[in-house]
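Trainee: Let me give you the structure first, and then I'll get to my questions.
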């Protein structure tokens, strides 16, 4: 009986499959790409969350020009400028969070 090397044994014990180093490397490469893509997505989500928090904190520090008047338990922001003449009022369709109503 002929002595077999370990690689010959693997090749003979699995005759219907291709035992090829290139196939193994392709499969590993595919998984590395998938893991890298998932890691990139998680990193982008974390960066977006941090950016949103910092932006909101900065936006809260800004003080608007003008004054506020309370109307029906809501604060109405107004800016008064000039003397006499007709009163011009500009109203927005956005709520305080910036969403269209």
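Trainee: Given a Förster distance of 35 angstrom, what is the FRET efficiency for residue 30 paired with residue 53, based on the Cβ-Cβ distance and rounded to 0.05? It would help to have the intermediate numbers written out before the result.
Mentor: On the way: r = 36 Å, r/R0 = 1.01.
It comes out at approximately 0.50.
Trainee: Modelling each spin label as a point 7 Å along the Cα-to-Cβ direction, I'd like the residue 61/residue 91 distance in nm, to one decimal.
Mentor: 3.5
Just so you know, all these numbers are worked out from the coordinates, no wet-lab data involved. Computed from a predicted structure; not experimentally measured. We place every Cβ from the backbone using ideal geometry, glycine too, and count neighbours over all the protein chains shown.
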